[in-house]
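Scroll down for the structure; my scribbles are underneath it.
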Amino acid sequence: MIRLTAAAVLASALPFHLGPSAQRPLALYHGYYDGHEDGYVITDVSSRAQAAAWHVNYSAELGAVKGAPRQFFVQGRAASGQLAVFGSEPGESDYNPLWEEVVVAWKAGVKPVLLVRDDQIDALAKAGKLVERDAHVVVNAPITSVGSRATVG
């Protein structure tokens with residue numbers, strides 16, 4: 001039988017020793033989830049080209065992650081104000097800071113509308129108005145602020 005002293009219980013409840021901290025600016029991006037904007041940062045990505053372009057860490061191991069929620073990026077024509085679209089956010093049961101990148105492109109002759117929900121994107125793809133393509137890239141992009149801007153359409 002293991003007995004814990006009051007000091008041991010208290011020590012186990014204290015935060016971990018992380019070492020000294022320093023302030024370093026990180027780019028804060030905005031993306032849509034269910035019609036509102038969330039703020040997020042990007043720290044790592046499984047694409048060497050994206051890592052170089054975004055000035056973040058390249059991690060080949062991230063590419064092996066399967067089953068993460070989707071993050072949609074519109075390529076080509078887009079509605080004014082278009083941002084990335086998340087398939088989840090903190091507080092949702094499936095939230096994960098790792099995302100499977102999905103590239104979205106409007107089909108010829110279709111006027112782009114502002115995409116703000118993952119189910120909206122899926123419905124437009126099913127209706128033949130846009131195409132979703134798995135980029136086979138995983139990005140570590142934790143959402144750091146939920147509902148950081150006003151709700152949109």
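The values are calculated or read from the model by the stated rules, or taken from the named source; none is laboratory data. Here the structure is a predicted model, which is why all the values come from computation and not from measurement. Here the Cβ is made from the backbone with ideal geometry for all residues, glycine too, and neighbour counts use every protein chain on show.
There is at least one residue in segment 49-59 that is touching a Lys or Arg at 6+ places or on another chain (Cβ under 8 Å), in a strand (DSSP E or B) and surrounded by fewer than 19 Cβ atoms within 10 Å (Cβ to Cβ).
Within segment 75-104, which residues are surrounded by 17 or more Cβ atoms within 10 Å (Cβ to Cβ), part of a strand (DSSP E or B) and hydrophobic (A, V, I, L, M, F, W, C)? Hits for segment 75-104 are Ala84, Val85, Phe86, Leu98, Trp99, Val102, Val104.
Of Gln71, Gln120, all but one fail to be surrounded by 13 or more Cβ atoms within 10 Å (Cβ to Cβ) and either part of a helix (DSSP H, G or I) or out of contact with any Asp or Glu (no Cβ under 9 Å at 6 or more places or on another chain) (or both); the exception is Gln120. Can you find a residue that is more than 20 Å from Val41 (Cα to Cα), at pLDDT 95 or above and out of contact with any strand residue (DSSP E or B) (no Cβ under 7 Å at 6 or more places or on another chain) anywhere in segment 79-102? Yes: one or more hits.
Taken over segment 74-93, the residue count meeting the criterion of being in contact (Cβ under 8 Å) with a residue 24 or more places away in the chain and more than 12 Å from the chain's Cα centre (by Cα) is 10. Within segment 1-19, being at pLDDT below 80 and either in a loop (DSSP other than H, G, I, E, B) or under 30 Å from Ala84 (Cβ atoms) (or both) holds for Met1, Ile2, Arg3, Leu4, Thr5, Leu14, Pro15, Phe16, His17, Leu18. Remark: pairs (first residue in segment 39-53, within 18 Å of Ser145 (Cα to Cα); second residue aromatic (Phe, Trp, Tyr); Cβ separation under 6 Å; 6+ apart in sequence or on different chains) = Tyr40/Tyr29; Ile42/Trp54. Within the bounds of segment 137-150, is there any residue that is part of a loop (DSSP other than H, G, I, E, B), out of contact with any strand residue (DSSP E or B) (no Cβ under 7 Å at 6 or more places or on another chain) and in contact (Cβ under 8 Å) with a residue 12 or more places away in the chain? Yes, the conditions are met somewhere in segment 137-150. Screening Tyr29 on (1) surrounded by fewer than 10 Cβ atoms within 10 Å (Cβ to Cβ); (2) modelled with pLDDT of 75 or more shows it passes everything except condition (1).
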